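A short write-up of the structure that comes next.
The values are calculated or read from the model by the stated rules, or taken from the named source; none is laboratory data. These figures come from a predicted structure and were not determined experimentally. Note: ideal-geometry Cβ built from the backbone for every residue, glycine included; neighbour counts use all protein chains shown.
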């Protein structure tokens, strides 16, 4: 297959022009595959040209924004190319997005035209946006010329506006130019050697910037792009079969989506019906798997490396940001990395990374700082958000004489001794629980050390008392049983008490957004009802208590329920497993002493942590004894210190 060395002559044109060069060089090569349909480069160029001429006739001019809301089909690629060929910039709107978000993007962008299908656009009712139905244009397009339009645009003109989630809940449109995209491929080609023999998948939504890499990575180099419809992208078994059937060589995935593919890969290798059909049924043609979109847990790749090794295909971790044009760093992954943290490697050659403190000063080597990105990939800013643009796209403090800007990512990182950059999460994903700063990823990593756990995610949410509590969502290996008490005890061996989740929820798989990232909003409520008794006190072997002690249990239960905001607490569940913490325990201590009109040391509540054992202890009038392992003593001491501090705070309030 013929491919063009586009960048040998330092090409500095526009996206669609680069595609046109390739189409002229390899007109009969297959450019797109969608189901049983195939479209050559020449046919794709002609169809997109006809639509571009039609758009120009409808008033599209250089510099305007044109919306597109189309399912992943051949028409989507034709539409994106046509918008660029007409000189406009595209605003991709995913059909899977909620209607409110779709309409916000259209209103905010003030796009005068929206390319869509009639069935998709039934809910749109926007006075200032004209709808063009691609499924009803066949006769109109047949009358349009098929030669390349020649709009008057420059490489620094806008190519697209992709909306990303905002911390305030309002999406913000990142402005990216043709030049931003072209230089991405020029700067990375020495690493990847993309060519006309490559087969790519358009797996991601066009409203997610990973699609920019997939789409133009295939079409710039004469490769074949397999368009993956949304439903198939959410069916890992079918997608795995497509990778085999289409002999895909370049696969781009978020880590969350690839973990689901690993599961299919594992089961395929263990399926005797497939093995009987011969090794070819199991063979993949992949030469590259490129990760992006979210942090990669290297340990999750072990099952893949066990079967495929670490060279064929080569797995690559790429940290990226929409505002700096898809990718920022590059890090090939090998099997010896499995115990490493989320290492994201080195910057792309035409980008610079600075780790800065709150005063925008460089942090010492090995120290944690916020990631700032400078260089040729930095976009123009945000559409209609000048204040946010000034806040996030800051002047380069190290080049005061230039107009160069740095993008302030909000991500944390640090340089390792070998020069690699380690990604340490978002600044805004740190949570504070009872005064302690917690990285949720650290808890997830600890949970996943259990041999029966495939993956997990930990969230922090407000309870009925407006207190932050931790909830863990756990996906088990099919062949393992995992008990919550066992998980809790394992975590207590690794983490301080304040980092132990209050609730655990077993789920079949981590839900994903349309962009293939973890969908926190789709997680079910994590309840305490699935928490089993975890601390068996020796006194539980006594005969059931009756008479006065039963009344005492009821009184203790009432206090627990009031403080923890749970009805009818189980009398054999550990106080801390029921959602309690040291502050709650101090409140229980005060309330119980008032209820019982007697005093007893708060340390009794640490030794007797269930309703039944505490009632038995208080009835007997016994004194606390120090039992347990060194780890239990350490935990108890920590809890006691927290509770005594909380007790002092309660006294101050009263």
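Of all residues being in a loop (DSSP other than H, G, I, E, B) and at pLDDT 80 or above in the stretch 575-603, which is surrounded by the fewest Cβ atoms within 10 Å (Cβ to Cβ)? Just the residue, please.
Step one: list which residues in the stretch 575-603 are in a loop (DSSP other than H, G, I, E, B), which gives 575-581, 597-602.
The next check asks that each one be at pLDDT 80 or above; those that pass are 575, 597-601.
Numbers: 575: 24, 597: 6, 598: 10, 599: 8, 600: 17, 601: 12.
Selected residue: 597.
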Filtering helices (runs of 4 or more DSSP H) wholly in the stretch 141-247 for at least 1 residues that are buried (at least 24 other Cβ atoms within 10 Å of the Cβ) gives 178-192, 210-219
So which residues in the stretch 327-344 are out of contact with any helix residue (DSSP H, G or I) (no Cβ under 7 Å at 6 or more places or on another chain), over 25 Å from residue 449 (Cβ atoms) and part of a strand (DSSP E or B), if there are any at all?
329, 332
Looking only at the stretch 101-111, count how many residues are over 22 Å from the mean Cα position of the chain (by Cα) and surrounded by fewer than 24 Cβ atoms within 10 Å (Cβ to Cβ).
7
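Being on the phi > 0 side of the Ramachandran plot and either in contact with a helix residue (DSSP H, G or I) (Cβ under 8 Å, 6 or more places away or on another chain) or touching a residue at least 60 places away in the same chain (Cβ under 8 Å) (or both) narrows it down to one of 67, 59, 79, 63, so name that one.
Values: 67 fails: on the phi > 0 side of the Ramachandran plot; 59 fails: either in contact with a helix residue (DSSP H, G or I) (Cβ under 8 Å, 6 or more places away or on another chain) or touching a residue at least 60 places away in the same chain (Cβ under 8 Å) (or both); 79 fails: on the phi > 0 side of the Ramachandran plot.
The conditions single out 63.
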Out of everything in the stretch 497-520 that is surrounded by fewer than 15 Cβ atoms within 10 Å (Cβ to Cβ) and in a loop (DSSP other than H, G, I, E, B), what residue ends up being farthest from the chain's Cα centre (by Cα)?
508
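Conditions (1) modelled with pLDDT of 90 or more; (2) under 19 Å from the mean Cα position of the chain (by Cα); (3) under 21 Å from residue 378 (Cβ atoms); (4) not in a loop (DSSP other than H, G, I, E, B), marked per residue:
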{"position": "399", "(1), (2), (3), (4)": "no, no, yes, no"}
{"position": "407", "(1), (2), (3), (4)": "yes, no, yes, yes"}
{"position": "443", "(1), (2), (3), (4)": "no, yes, no, yes"}
{"position": "450", "(1), (2), (3), (4)": "yes, no, no, no"}
Which residues, taken from the stretch 368-392, are surrounded by fewer than 19 Cβ atoms within 10 Å (Cβ to Cβ) and either in contact with a strand residue (DSSP E or B) (Cβ under 6 Å, 6 or more places away or on another chain) or assigned to a strand (DSSP E or B) (or both)?
368, 370, 380, 385, 388
So which of 421, 412 ends up being modelled with pLDDT under 95 and either within 28 Å of residue 518 (Cβ to Cβ) or surrounded by fewer than 17 Cβ atoms within 10 Å (Cβ to Cβ) (or both)?
412
Being in contact with a helix residue (DSSP H, G or I) (Cβ under 6 Å, 6 or more places away or on another chain) and either over 17 Å from residue 215 (Cβ atoms) or modelled with pLDDT under 95 (or both): is that true of residue 53 here?
no
Yes or no: the stretch 421-428 includes at least one residue that is without any contact (Cβ under 8 Å) to a residue 24 or more places away in the chain, in contact with a strand residue (DSSP E or B) (Cβ under 8 Å, 6 or more places away or on another chain), assigned to a helix (DSSP H, G or I) and closer than 29 Å to residue 89 by Cβ.
no
How many residues does the stretch 91-100 contain that are surrounded by 19 or more Cβ atoms within 10 Å (Cβ to Cβ) and touching a helix residue (DSSP H, G or I) at 6+ places or on another chain (Cβ under 7 Å)?
2
